[in-house]
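Have a look at the structure below, then the notes.
The values are calculated or read from the model by the stated rules, or taken from the named source; none is laboratory data. All values derive from a computational prediction rather than experimental measurement. Every residue, glycine among them, receives a Cβ derived from its backbone with ideal geometry; neighbour counts consider all protein chains shown. Quick note on the areas: whole protein, heavy atoms, side chains included, nothing else; ligands and nucleic acids left out. Shrake-Rupley method; radii C 1.70, N 1.55, O 1.52, S 1.80 Å.
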Amino acid sequence: MFLVQLRQAGPAWDGSKPMEEQSGWDEHASFMDGLVDAGFVVLGGPLADERRVVHAVEAESEEAVRATLARDPWSGTHLVLDAVEPWTIRLDARRG
């Protein structure tokens, strides 16, 4: 099942710094890279305002997404989870 999750800047986010200069960036980036390597995160990244992030993920349920993202070193500090929604893919260029 594919789901889309939206997270936004949390209380520890420093709006004067880019994402890569936030405290704990290396730990967060390592965690997220691991989710990509595991096939959990399919694609994602920040929106233009750089205060919100969207990821398309492959997981069994919304609860699985929430539990996985709760392990992120930035969870609740630099990023706060706003929504997790099931995503029905109707257009897919990967199909042959």
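One table, with the values for the structure above:
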{"item": "Relative contact order (percent, whole number), the chain, Cα cutoff 8 Å, 6+ residue spacing", "result": "49"}
{"item": "Counting DSSP beta bridges with both ends in the chain, the antiparallel % (nearest 5)", "result": "95"}
{"item": "Net charge dipole size for the chain [Lys, Arg +1 and Asp, Glu -1 on Cβ; Debye, nearest 20]", "result": "320"}
{"item": "1.4 Å probe accessible area per residue over the chain, in Å²", "result": "62"}
{"item": "Cut-off 14 Å, label 7 Å out along Cα→Cβ of residue 14, residues of the stretch 62-86 by amide N", "result": "78"}
{"item": "Packing rank of 36-48, 62-74, 81-93, where each peptide gets the mean count of other beta carbons within 10 Å, highest leading", "result": "62-74, 36-48, 81-93"}
{"item": "Furthest towards positive pole of dipole, 31, 19, 83, structure part the chain, Cβ charges", "result": "83"}
{"item": "Net charge of Cβ neighbours under 12 Å - reference residue 21; Lys, Arg +1; Asp, Glu -1", "result": "-3"}
{"item": "Option label - Rg/Rh (Cα atoms, Kirkwood Rh) computed here, alternatives (1) 0.93; (2) 0.98; (3) 1.26", "result": "(2)"}
{"item": "Net charge contributed by nearby residues that have their C-beta within less than 13 Å of residue 43 (K/R +1, D/E -1)", "result": "-1"}
{"item": "Hz values of 3J(HN,Hα) by residue in the stretch 43-60 - Karplus curve (6.51, -1.76, 1.60), Gly and Pro given as x", "result": "7, x, x, x, 7, 4, 6, 6, 10, 10, 10, 10, 10, 8, 10, 10, 8, 6"}
{"item": "Sulfur and carbon atoms: percent of accessible area, the chain [1.4 Å]", "result": "52"}
{"item": "Cα-based helix-to-principal-axis angle, 25-37 vs the chain, degrees rounded to 10", "result": "10"}
{"item": "Gain in span if fully extended, residue 56 to residue 30, counting 0.36 nm per residue against the direct Cα distance", "result": "7.6 nm"}
{"item": "Zone residues, the stretch 9-25, relative to residue 49, backbone N less than 18 Å from point 7 Å out along Cα-to-Cβ", "result": "9-19"}
